[in-house]
1. Please state the relative contact order of the chain as a whole percent: Cα pairs under 8 Å, 6+ residues apart?
2. What angle do you read, to the nearest 10 degrees and between 0 and 90, between the alpha-carbon axis of helix 39-69 and the longest principal axis of the chain?
3. For the chain, how many pairs of lysine residues have a Cα-Cα distance under 17 Å, where the two are 8 or more positions apart or belong to different chains?
4. Please give me, ordered by residue number, the chymotrypsin sites (Phe, Trp or Tyr not before Pro) of the chain that lie in loop per DSSP and have at most 10 other Cβ atoms within 10 Å.
5. For the chain, which whole-number percentage of the solvent-accessible area (1.4 Å probe, protein heavy atoms only) is attributable to carbon and sulfur atoms?
6. Please report, in whole Å³, the volume per residue of the convex hull around the C-alpha atoms of the chain.
7. Compute the accessible area per residue over the chain, keeping the other protein chains in place, probe 1.4 Å, unit Å².
8. Which residue, 8, 46, 23, has the largest displacement toward the positive end of the dipole of the chain when charges sit on each Cβ (Lys, Arg +1; Asp, Glu -1)?
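The values are calculated or read from the model by the stated rules, or taken from the named source; none is laboratory data. Note that this is a predicted model, so its numbers are computed, not measured. Don't worry about glycine lacking a Cβ; one is built from the backbone with ideal geometry, like all the others, and counts go over all protein chains shown. The protein model used for the area step is the full one, side chains on, heavy atoms only, and it has no ligands, DNA or RNA in it. Shrake-Rupley method; radii C 1.70, N 1.55, O 1.52, S 1.80 Å.
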Amino acid sequence: TVTYFATTGDPLADISEDMAAEQKARAVYENLIDLATDEDVIQPLLFLRQRELVHFAKFKELYDYYKEKYAK
């Protein structure tokens with residue numbers, strides 16, 4: 001639903017917000033990993049944490065691209 005979709009129209013601001021969301025999710029997974037003792041719980045959390053790292057890296061690439069392309 002578009003109710004939850006927020007955009008400013010500024011690619012750098014929007015991508016920065018996406019990068020922040022990925023970092024927040026990563027931090028949550030790391031905290032859960034630290035609390036967990038069951039390997040069957042830890043392994044999926046490690047996968048999800050890695051996914052956030054990859055997403056962040058891809059958003060960073062896009063951010064750098066837009067920053068260079070539209071630098072004033």
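1. Numbers: 42 pairs, mean separation 30.3, N = 72.
Computed over the chain, the figure is 42 percent.
2. Value to nearest ten degrees: 10.
3. Values: 24/58; 24/60; 58/67; 58/69; 60/69.
For the chain, the number of qualifying lysine pairs is 5.
4. Numbers: sites: 4, 5, 29, 47, 56, 59, 63, 65, 66, 70; in loops: 5, 70.
Those that pass, being in a loop and sparsely packed, are 5, 70.
5. On the way: 3340 of 5680 Å².
That fraction is 59 percent.
6. Numbers: hull volume 7.0 nm³, N = 72.
With only Cα atoms used, the chain gives 97 Å³ per residue.
7. Details: 5680 Å² over 72 residues.
Solvent-accessible surface per residue comes out at 79 Å².
8. Comparing the listed Cα positions along the dipole, 8 ranks first.
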